[in-house]
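The values are calculated or read from the model by the stated rules, or taken from the named source; none is laboratory data. Predicted model, so just to flag it, every value in this text is computed and none were measured. Please note: Cβ atoms are built from the backbone with ideal geometry, for glycine as well, and neighbour counts cover all protein chains shown. Just the protein is used for accessible areas: all its heavy atoms, side chains included, with ligands, DNA and RNA removed. Shrake-Rupley method; radii C 1.70, N 1.55, O 1.52, S 1.80 Å.
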Amino acid sequence: MAAATGALATACGSVKGQPPGKVAVLGDSAAWEKPMAAAGAAMKSVAALRLVPEVNPSLESFEQIVKSSLRTSRTPDMLKYWSGYRLRDLARTGGIVDLTRQWDAAVSKGWVDASLRGAFTHRRRVYGLPMNLAYWVFFHNPEVFREHRLEPPRTWDDFLTVCTRLKKAGVTPLHGTADGRWPSFIWFQEILSRQDPVFYQDLMNGRERYTDPRAERALRTIASFFDKDWFTPMDMNHTDAAAAMLHGKVGMVPCGTWLGSTLAAAGGTPGKNVAAFVLPMADPKARPSVIFESSALVATVKGPDRAEALRATEHWLHPAVMKAFTHTLQDGCPNPEVEPANAVIAGLAKKVRGDRLWLLNRFWEQGPPELVEATVDDLAGFLLDPSSYRKTLRTMQDRADDAWQVWREAEET
């Protein structure tokens, strides 16, 4: 606790409060600093408040700071946090503000996609407001696709054909990685949700088991991609993969649409050498779906500028604020009234809304946080040894049995 409090005092000026008219927002991503500053400037014009971004880029340190500070009077005013179970875990501390009123007001104005509510809810109350709306898609370079006479796949068989032809042409078809640890869940999430989205949703919420044949099928499918040598080395990070995709060395990179800023920094231009598609369903009879990710804007109970923080939550989803934020971030927007940030986002939003795709929350936000953290490590081990899939699944289920029991007991208290 002492170490975390000291780190908080060093990393976050908001514990002492901001000058009148300013509210600090502590986050974990340096890439979000400019978008938050842009949103802060826009909010000043609509609410006479300016949001001040503060960043702690260490994931572990950020979480420690947040959870320990909520027990003290030295807490940030606002947070960029996760949705799903991680937000529920934070809400259970009693240290963050119920934002149901602000959510309902935004819905009544058409400022937010109402279907996202469940991702920000604990015991039927809303505790966070969506910041972005990232779709998890497969980025590719359309110039490279044209060079090899390929088109974005419309069916699962098309996808396998694209991989086969890219490999034959000397292009590594797919980016896969355990670098940074958390990305280890990406391929399990993508394959399982394409094969059986209902099972994915039930498994992530503790209603099904990792030892089920459907989970094994997903890992066997991934192992078969290793057998075909379709993956990049497992230590290639997203930044290097983005550059390799633009240079025609890697065919497809699965990631959230927030990767757009990384691609832009590497020389990518949406609609020219950057495009994206939703991975087709492996089972054509399954409900069409797509993984989404949305960070939560959270207000704390004991923040020094609490009144101004609450006023900021009333205006966060305002179209002007949302446009400034998502256009600078180059990502999707939870406010359907805001024009898309670029042509790629526009095309994806049109498909998701037009085809009424089922929005499934990302693996990282699904399930008790301690379970997710451990399961990510298990999946990293599988990526480094694909033949271990049965052992991996048994280990994950043993962890899940214990974690879900603890979570449910806590829910009952």
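So the values come out like this:
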quantity: Of all residues making up the stretch 287-303, the number that are surrounded by fewer than 19 Cβ atoms within 10 Å (Cβ to Cβ) and over 17 Å from Pro153 (Cα atoms); calculated: 3
quantity: Single residue of the stretch 119-144 satisfying the filter (free of Cβ contacts under 8 Å to residues at least 40 places away in the same chain and farther than 19 Å from Trp358 by Cβ) that is surrounded by the fewest Cβ atoms within 10 Å (Cβ to Cβ); calculated: Arg124
quantity: Lone qualifier among Asp398, Asp378 - being under 23 Å from Pro197 (Cα atoms), more than 19 Å from the chain's Cα centre (by Cα) and open to solvent by 30 Å² or more (accessible area, probe 1.4 Å); calculated: Asp398
quantity: Evaluation of Thr177 against (1) at pLDDT 95 or above; (2) over 20 Å from Asn273 (Cα atoms); (3) under 17 Å from the mean Cα position of the chain (by Cα); (4) open to solvent by 30 Å² or more (accessible area, probe 1.4 Å) (one fails), failing number; calculated: (4)
quantity: Within the stretch 14-36, considering residues that are touching a helix residue (DSSP H, G or I) at 6+ places or on another chain (Cβ under 8 Å) and assigned to a helix (DSSP H, G or I), the one nearest to Thr300 (Cα to Cα); calculated: Val15
quantity: Within the stretch 49-88, considering residues that are open to solvent by 20 Å² or more (accessible area, probe 1.4 Å) and among the polar types (S, T, N, Q), the one modelled with the lowest pLDDT; calculated: Ser73
quantity: Meets criteria (free of Cβ contacts under 8 Å to residues at least 40 places away in the same chain, in contact with a Phe, Trp or Tyr (Cβ under 9 Å, 6 or more places away or on another chain) and within 20 Å of Ser193 (Cα to Cα)) for Leu360; calculated: no
quantity: Among (1) of a type outside the set (S, T, N, Q); (2) in a helix (DSSP H, G or I); (3) surrounded by fewer than 20 Cβ atoms within 10 Å (Cβ to Cβ), the one test that Leu393 misses; calculated: (3)
quantity: Failed item in (1) in contact (Cβ under 8 Å) with a residue 12 or more places away in the chain; (2) open to solvent by 40 Å² or more (accessible area, probe 1.4 Å); (3) assigned to a helix (DSSP H, G or I), with Arg154 passing the rest; calculated: (3)
quantity: Where a residue in the stretch 386-413 is under 24 Å from Trp187 (Cβ atoms) and aromatic (Phe, Trp, Tyr) and its partner, wherever it lies, is open to solvent by 20 Å² or more (accessible area, probe 1.4 Å) and assigned to a helix (DSSP H, G or I), with Cβ under 8 Å and at least six apart; calculated: Tyr389/Glu216; Tyr389/Arg220
quantity: Residue in the stretch 186-202 that is open to solvent by 50 Å² or more (accessible area, probe 1.4 Å) and under 30 Å from Gln405 (Cβ atoms) present; calculated: yes
quantity: Close pairs (9 angstrom Cβ cut-off, 6 or more residues apart or separate chains): at positive phi in the stretch 90-118, outside any helix (DSSP H, G or I) and open to solvent by 10 Å² or more (accessible area, probe 1.4 Å) anywhere; calculated: Gly94/Leu70; Gly94/Val301; Gly110/Pro336; Gly110/Glu337
quantity: Filtered residues of the stretch 203-221 (kept if part of a helix (DSSP H, G or I) and crowded, with 21+ Cβ neighbours inside 10 Å); calculated: Leu203, Met204, Ala215, Ala218, Leu219
quantity: Scope the stretch 343-375; condition within 18 Å of the chain's Cα centre (by Cα), among the charged types (D, E, K, R) and open to solvent by 20 Å² or more (accessible area, probe 1.4 Å); matching residues; calculated: Glu370, Glu373
quantity: Counted residues, the stretch 68-92 - those being more than 23 Å from the chain's Cα centre (by Cα) and either of a type in the set (Val, Ile, Thr) or closer than 29 Å to Leu359 by Cα (or both); calculated: 2
